[in-house]
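A short worksheet on the structure shown next.
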Amino acid sequence: MAIKTRRFYSARKSCSCSMPGVWRAVAYMDGAVVVFHSPRACAHVARTMDINSQYRTLSENEREQWGSVPLLSSQMQEKDAIFGGVARLEKCLRFAIETYKPKCLMIANSCVAGVIGDDVESVAREVEEKYDVPILTVECCGFLGAEYYDGYFEITQKLLERFVKPCAKQKDSVLLLGDNGGPWGHYAKEVTRILQEFGVEVIGQFPGYMAMDELEKVAAAEYAVVLGGRGQTHIGLRKVAEQLQEKYGTHYLADIYPVGWQETQDWVISIGRMLGREALAQQVLKLEQQRLNEQLQHFLPVTEGKKTVLCIGRILRYFHPGNILQTIRLLRLNLTGIILLDSYDGDEREAMLQVVQENSDVPVHTTAEGEELVAQADIVLTTHELQNKEARQIFLPMLPQVAVAGEVKMMQGIYQSLCSRLKGGVRYV
Amino acid sequence: MSEKQGWGNICERVDTCALTGAGAFFAAIDKSEVLINGPLWCYFYALRHLEKARPDMYTRFYGSQPDNNAVIYGSEEYVTQELQRMLEDGHKPSVLLLESSCSLSLIGDDLAGMARKLQLPFPVVTLDSGGMVGGFAEGYAKAAKKLFAQLLPQTAMAKPLAVNILGQSEFYLQGAADTQEIKRLLQLAGYEVLCTPGCECTLEELQRLPEASLNIVTNAELGLPLAEYLHKKYGTPYVFAGLPYGVQGTLRWLQQIDAQLPAPAMDKVTAEAQAQDNYLLSRNNEAIALWGSMWFDNVLVSAPATQALCLAQTLRTEWTDIGRLTVICQQLKDEPACDTAEAIYTVGVDDAAISEYFKTCDNVLLLTSSSESSVLYRRKQCSFDACNICYPTNDEVFITKQPMVGLQGSAYMLERLWNCFIRRKKNKV
């Protein structure tokens, strides 16, 4: 019988909305105010994301060091579909300026505004001229031909063009590019820790986490490090880094996503190369290897030889199996099979199959063949939650934690799951 | 309400989308299914909200996932494809809600026509929904009235002592438990409860709605539009009773209903109330003997309007002493009187005052959602404790189904308040 996954769907077209991307790009930039030209509910969705992100930070025993900026909605209603929503938007912009005295306003357009064809650009220009407050607009409208990252990068681009100015370089300074939960998130903290071992200082995280007043300083950084990822977000951040290099001579590191031990090693070596401190990189690596080994010695007595199944349903753009396969090898787990879930369209299954086979000689199965394999496994590592109460599952996240701390956390999740006397259950690492 | 006053920061409000509200009304109908004709993003956020009360909601909640071409060429292809998949998979829901998100609503697709073409072997209710309609309550009411118009009998004979409870949702925090307690109390008083729309009901029960002699409205934002519709269509009288918090509050609540439709067994409720009162008094005295009288310097109650006002009224008259009580109503409606609060604010009307409250409050007990806690976490230097009474509830886990209303609910709420009081005392040491 085939294994089944919980809350399973395959994303056919656009999966996300560009408005939260706009919001997130400036969410913690003191002096900014975001206006959604949308029904009020769209802003509530962004607020839901905001609350979830805040409590996730708290769950990691961290606390945001400062709060998010005001988020307003023009509160479009059914009548606006007939008469247009620009008058409503103009009132909302005026209110935002008079109430919050922002240094900059950002407008995100909803799909509704896109369908009715509101000329947001003209309203923004008029209000900007009248109040002398910069207003940034974007072309993307909600989910229409755009995704989350389209909103994020369009506004990032405009911030760069409008507010970043050439200035003297600050010696041994680094600018982090990207989000990943901000300066208090796992990624930025781990990268900052390693960069400190190289004797360089992080002077900001762009976009999203620098005050509007600080933006001029973006060009002061000697180096930029992209908080990488996969897919479009990474491509966009790389473009930002390229621009910083071209315009301000900022050296950057972009192409390595330090998930798993191999990538972490490559990342540290590349940082050393970028900073011209290759010898120091070897010392840093040694320390990191030591940290990893200490933890491995603790995990191996439990993990070695345990029957493990890997279930993959995510497309290659968002999930490369190489990292988790390496973790499996480091923990000396006994990988008995890999199951490709029924979520792939067209060539995506073939692409994943090819990469899996390049990285492992373990047999690959379909969901139809998978039930017995899962039933016999001590642990299942999976990109999709399975509808199986008996299986001990480790949910492989879309944004895995990075470097040695991230690798140890993944290993710890597997170790704790194998130690658990509870039957089944899902562990989110 | 002036336009200027209504724009306030979304981060200080709580709501979801009409798409979610409409889905929630139908999701509460036994064996119903919902198909969202809208982007995956809107579908997913609605689903995540509904999963709070029904973790298996994904098994009967689907999305058509149209792309941006659908707003030009129509979404028929996507809707038909999903409906055909349902047919092929052998789905036979008691009723299907087919609703469009806001942008898809604007293009005027004939959803009913699409369903008719496929000759679906089950009833289908179609709706243009989404954020343009409003928030959760507006979507809930619009969906309910559409179903009433389509699937209720044209006429009916009123049965003596038969009542409906209008204004409940199992997708409000502890909504199902609250509804069961209200139903239990009414049945104890000798009424026959025909139906509880929005909460654990069947289509057959909904079709008996017009047989009631009296409709009892609890949450105004959900129930009043339904009561008004049923009054207009069938002449059924209604009473806006609000929510029965506390022992005396429950008796007062029941007396309002008794005044409209005399209860044959009021004495049974009075006897149970007396017994509960005695029990709570003894438990209260025991707690006072050890911890001193319960006292909170400041309390904020923020929730959907009826809930906020009814709870605030009981809070100060039955459960605890308070220095200053502030109430924030999340909707503007005709509400029950509340004379116990120092300040009552309404979002969209008193946004500046609400903002000021969040900036200055301290040493406060929050009877709110995690959204308000989130605002105060960010403020830092603000001492507060949270006792969530509505969604979202990120900083508290709810597993047991306990009513907050009625005689049973009065014990649960008193227990939670005492535990907050004790926790605050311990934290001061």
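Some points to look at:
- Residue in segment B:305-321 that is modelled with pLDDT of 95 or more, part of a loop (DSSP other than H, G, I, E, B) and under 26 Å from B:Glu415 (Cβ atoms) present: yes
- Checked against the criteria, B:Val375 does not count as among the β-branched types (Val, Ile, Thr), part of a loop (DSSP other than H, G, I, E, B) and either within 23 Å of the chain's Cα centre (by Cα) or surrounded by 17 or more Cβ atoms within 10 Å (Cβ to Cβ) (or both).
- Residues of segment B:316-332 classified as under 30 Å from B:Gly139 (Cβ atoms) and either buried (at least 23 other Cβ atoms within 10 Å of the Cβ) or not hydrophobic (A, V, I, L, M, F, W, C) (or both), total: 6
- Residue satisfying all of: in segment B:378-389; away from chain A (no Cβ under 13 Å) and within 22 Å of the chain's Cα centre (by Cα); farthest from B:Arg13 (Cα to Cα) among these: B:Cys387
- Scan of segment B:165-193 for residues that are of a type in the set (Gly, Ala, Ser) and either part of a loop (DSSP other than H, G, I, E, B) or under 20 Å from B:Thr236 (Cα atoms) (or both), ordered by number: B:Gly167, B:Ser169, B:Ala189, B:Gly190
- Candidate set from segment A:27-43 (those that are more than 9 Å from chain B (Cβ to nearest Cβ) and assigned to a loop (DSSP other than H, G, I, E, B)); member that is farthest from B:Tyr391 (Cα to Cα): A:Gly31
- All positions within segment A:156-172 that are among the β-branched types (Val, Ile, Thr) and part of a helix (DSSP H, G or I): A:Thr156
- Pair list, Cβ < 9 Å and 6+ apart or interchain, from segment A:416-429 residues that are assigned by TED's automatic domain parsing to the domain that holds A:His298 to residues that are modelled with pLDDT under 90 and part of a helix (DSSP H, G or I): none
- Search result, residues across segment B:159-169 that are surrounded by fewer than 24 Cβ atoms within 10 Å (Cβ to Cβ) and touching a helix residue (DSSP H, G or I) at 6+ places or on another chain (Cβ under 6 Å): B:Lys159, B:Ala162
- Tabulated pairs, segment A:44-70, first within 8 Å of chain B (Cβ to nearest Cβ) and under 28 Å from B:Trp7 (Cβ atoms), second among the acidic types (Asp, Glu) and surrounded by 15 or more Cβ atoms within 10 Å (Cβ to Cβ), C-beta under 6 angstrom, 6+ apart or interchain: A:His44/B:Asp15; A:Ser68/A:Asp50
- In segment A:331-348, the residues that are of a type outside the set (Ser, Thr, Tyr) and crowded, with 19+ Cβ neighbours inside 10 Å: A:Leu331, A:Leu333, A:Leu335, A:Gly337, A:Ile338, A:Ile339, A:Leu340, A:Leu341
- Output for segment A:249-274, where each listed residue is under 21 Å from A:Lys169 (Cα atoms) and crowded, with 19+ Cβ neighbours inside 10 Å: A:Thr250, A:Tyr252, A:Leu253, A:Ala254, A:Ile271, A:Gly272, A:Met274
- For B:Lys145, the criteria (1) modelled with pLDDT of 95 or more; (2) in a loop (DSSP other than H, G, I, E, B); (3) not small (Gly, Ala, Ser) hold in every case but one, which is (2).
- Residues that are touching a residue at least 12 places away in the same chain (Cβ under 8 Å) and exposed (fewer than 15 other Cβ atoms within 10 Å of the Cβ) within segment B:271-291 comprise B:Tyr279, B:Arg283, B:Trp291, listed in sequence order.
- Some residue of segment A:210-226 being assigned to a loop (DSSP other than H, G, I, E, B), at pLDDT 95 or above, closer than 21 Å to A:Trp184 by Cα and not assigned by TED's automatic domain parsing to the domain that holds A:Asp50: yes
- Among the criteria (1) without any contact (Cβ under 8 Å) to a residue 24 or more places away in the chain; (2) hydrophobic (A, V, I, L, M, F, W, C); (3) outside any helix (DSSP H, G or I), the one A:Leu381 does not fulfil is (1).
- Filtering A:Gln232, A:Gln245, A:Gln205 for residues that are closer than 25 Å to A:Val34 by Cα and without any contact (Cβ under 8 Å) to a residue 40 or more places away in the chain leaves a single hit, A:Gln205.
- Residue list for segment A:87-119, restricted to those being more than 10 Å from chain B (Cβ to nearest Cβ), closer than 22 Å to B:Ile107 by Cα and surrounded by fewer than 20 Cβ atoms within 10 Å (Cβ to Cβ): A:Gly117, A:Asp119
- Count of segment A:388-408 residues, restricted to those that are in contact (Cβ under 8 Å) with a residue 60 or more places away in the chain and surrounded by 15 or more Cβ atoms within 10 Å (Cβ to Cβ), is 12.
- Residue within segment B:74-93 that is more than 16 Å from B:Gly38 (Cβ to Cβ), surrounded by fewer than 17 Cβ atoms within 10 Å (Cβ to Cβ) and among the hydroxyl-bearing types (Ser, Thr, Tyr) present: no
- Within segment B:235-251, the residues that satisfy the criterion of being of a type outside the set (A, V, I, L, M, F, W, C) and closer than 13 Å to B:Gln313 by Cβ are B:Gly242, B:Pro244, B:Tyr245, B:Gly246, B:Gln248, B:Gly249, B:Thr250.
- Check on A:Ala377, out of contact with any Cys (no Cβ under 8 Å at 6 or more places or on another chain), farther than 21 Å from A:Tyr318 by Cα, hydrophobic (A, V, I, L, M, F, W, C) and modelled with pLDDT of 90 or more: yes
- Restricted to segment A:139-155, and to residues there that are more than 10 Å from every other protein chain (Cβ to nearest Cβ) and either in a helix (DSSP H, G or I) or within 21 Å of the chain's Cα centre (by Cα) (or both), the residue that is nearest to A:Met106 (Cα to Cα) is A:Ile155.
- Out of B:Pro336, B:Pro403, sole residue that is outside the structural domain of B:Pro304 (by TED's automatic domain parsing) and outside any helix (DSSP H, G or I): B:Pro403
- Residue match in segment B:138-157 (condition: in contact (Cβ under 8 Å) with a residue 24 or more places away in the chain, under 30 Å from B:Thr250 (Cα atoms) and among the aromatic types (Phe, Trp, Tyr)): yes
- One residue from B:Cys199, B:Cys195 being surrounded by 20 or more Cβ atoms within 10 Å (Cβ to Cβ) and either β-branched (Val, Ile, Thr) or under 15 Å from B:Ala143 (Cα atoms) (or both): B:Cys199
- Some residue of segment B:344-359 being away from chain A (no Cβ under 14 Å), part of a helix (DSSP H, G or I) and crowded, with 17+ Cβ neighbours inside 10 Å: yes
- Restricting A:Gln282, A:Gln297 to residues that are modelled with pLDDT of 95 or more and farther than 16 Å from A:Lys409 by Cα narrows the list to A:Gln282.
The values are calculated or read from the model by the stated rules, or taken from the named source; none is laboratory data. No experiment lies behind these values; they were computed from the predicted model shown. Positions of Cβ are generated from backbone atoms using ideal geometry, with glycine treated the same way; all protein chains shown enter the neighbour counts.
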